[in-house]
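Presented below is the structure to which this report refers.
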Amino acid sequence: MKLLVTGGAGFIGSAVVRQAIERGHSVVNLDALTYAACLENVESVANSPLYAFEQADICDREALDRIFDTHQPDAVMHLAAESHVDRSIDGPGAFVQTNVTGTYTLLEAARAYWQGSGKPVGFRFHHISTDEVYGSLGPTGQFTEDTPYDPRSPYSASKAASDHLVRAWGETYGLPIVLTNCSNNYGPY
């Protein structure tokens, strides 16, 4: 399987890249190399014949079309995003641009690629989101599949918007999607 991992030089993305390659999958790491990126996190796999790196912004449709055409992935794992609530309070525009417009641009590039490839049954667009879209935990201390969206910051609002776009592309265009919401992530790197 060939994976296109957006944000593959970030904390979670680099863990996905390392593990996928260790499991024998080909990986294309697409990252804009902004403040959250660290290529040192993928040094252990960077020389693998299963690894390719593309420096690009997910808002750049021309670059995305070229990357899809060149690498022809079987699945997209979309982790690229502006993150951190405090940063979103100080500069919400970047969050809307990357998390909403970037996700839209990536969805459109993925849809064009998927349709142009004859809509392969095994193709997936996996959008990795955050539990922040559900708001504060409250007295129960947990979220469930039935918890309503209640974003409380520009970050969580931008991620909620991107979640809704992904669901809409699945429903409207039939794009095969998977959407997951992470909680706090920790570990090496």
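Would you confirm whether or not segment 151-158 contains a residue that is within 30 Å of GLN72 (Cα to Cα) and either in contact with a Leu (Cβ under 8 Å, 6 or more places away or on another chain) or hydrophobic (A, V, I, L, M, F, W, C) (or both)? Within segment 151-158, none of the residues are within 30 Å of GLN72 (Cα to Cα) and either in contact with a Leu (Cβ under 8 Å, 6 or more places away or on another chain) or hydrophobic (A, V, I, L, M, F, W, C) (or both). The residue that is surrounded by the fewest Cβ atoms within 10 Å (Cβ to Cβ), among those in segment 4-39 that are in contact with a helix residue (DSSP H, G or I) (Cβ under 8 Å, 6 or more places away or on another chain), in a helix (DSSP H, G or I) and not hydrophobic (A, V, I, L, M, F, W, C), is ARG18. Residue count for segment 114-131 under the criterion of being part of a strand (DSSP E or B) and among the hydrophobic types (A, V, I, L, M, F, W, C): the result is 2. In segment 41-72, of all residues being of a type in the set (A, V, I, L, M, F, W, C) and not in a loop (DSSP other than H, G, I, E, B), the one that is nearest to GLU22 (Cα to Cα) corresponds to VAL42.
Within segment 83-104, which residues are within 12 Å of the chain's Cα centre (by Cα) and modelled with pLDDT of 95 or more? Hits for segment 83-104 are THR98, ASN99, VAL100, GLY102, THR103, TYR104.
Of all residues in segment 132-170, those that are assigned to a helix (DSSP H, G or I), buried (at least 17 other Cβ atoms within 10 Å of the Cβ) and of a type outside the set (Phe, Trp, Tyr) total 14. The residues of segment 171-189 that are in a loop (DSSP other than H, G, I, E, B) and within 27 Å of SER14 (Cα to Cα), listed by number, are LEU175, PRO176, SER183, ASN184, ASN185, TYR186, GLY187, PRO188, TYR189. Just wondering, is there one or more residues in segment 76-96 that are among the β-branched types (Val, Ile, Thr), in a strand (DSSP E or B) and surrounded by 16 or more Cβ atoms within 10 Å (Cβ to Cβ)? Yes, because at least one residue in segment 76-96 is among the β-branched types (Val, Ile, Thr), in a strand (DSSP E or B) and surrounded by 16 or more Cβ atoms within 10 Å (Cβ to Cβ).
The values are calculated or read from the model by the stated rules, or taken from the named source; none is laboratory data. These numbers were taken from a predicted model, which means no experiment stands behind them. Glycine also receives a Cβ, built like all others from the backbone with ideal geometry; neighbour counts cover every protein chain displayed.
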